Amino acid sequence: QVQLVESGGNLVQPGGSLRLSCAASGSIFSINIISWYRQAPGKQRELVARITWDSTTNYADSVKGRFTISRDNAKNTVYLQMNSLKPEDTAVYYCNLVQLRNSYWGQGTQVTVSS
């Protein structure tokens with residue numbers, strides 16, 4: 001089994017920054033893909049950023065140039081650095097890990113961008 005715990009969500013003003021963390025524990029294999037998704041009220045969950053085991057990354061067009069995903073394999077932790085935040089970034093952010101064709105989700109962390 002795998003457990004994912006997100007942290008770092010908060011209320012921030014437009015233009016501000018936050019760093020989210022996703023700590024993984026349990027049966028973690030070296031080959032996996034970890035992603036950040038988000039879900040705003042009344043909207044579908046959407047992919048924000050993804051990082052593979054060899055640190056290949058990709059991003060949603062809406063966050064390119066503002067968000068950076070990274071991973072520390074020694075700590076089994078993935079980070080999402082979010083800069084130049086906009087009100088439309090407001091959502092619950094979820095961490096997802098895929099390995100051996102299994103998919104695991106964290107409980108989510110709330111990010112609110114508002115003045």
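The values are calculated or read from the model by the stated rules, or taken from the named source; none is laboratory data. Since the structure is predicted, the reported quantities are computational estimates derived from the model, not experimental observations. Cβ atoms come from the backbone with ideal geometry, glycine included; neighbour counts cover every protein chain shown. Note: accessible area is taken over every heavy atom of the protein model, side chains too, but ligands, DNA and RNA are not part of it. Shrake-Rupley method; radii C 1.70, N 1.55, O 1.52, S 1.80 Å.
Structure notes:
- With a cut-off of 14 Å between beta carbons, the residues surrounding N10 carry a summed charge of -1, where Lys and Arg count +1 and Asp and Glu -1.
- Only protein atoms count toward the accessible area here, which uses a 1.4 Å probe; on region 1-110, the carbon and sulfur part of that area reaches 48 percent.
- The Cα center of region 1-39 and the Cα center of region 75-115 differ in position by 5 Å.
- For the pair A40 and K64, the difference between a 0.36 nm per residue extended length and the Cα-Cα distance amounts to 6.8 nm.
- Calculated FRET efficiency for the pair Q107/W53, C-beta based, R₀ 22 Å, to 0.05: 0.40
- Summarising the strand pairing of the chain, around 95 percent of its internal DSSP beta bridges are antiparallel.
- Largest-first principal axis extents of the Cα set of region 45-115 (Å): 41, 24, 22
- Extension gain for I28 to E88 (0.36 nm times residue separation, less C-alpha to C-alpha distance): 18.3 nm.
- Estimated dipole of the chain in Debye, rounded to 20 [Cβ of Lys and Arg +1, of Asp and Glu -1, Cα centre]: 40
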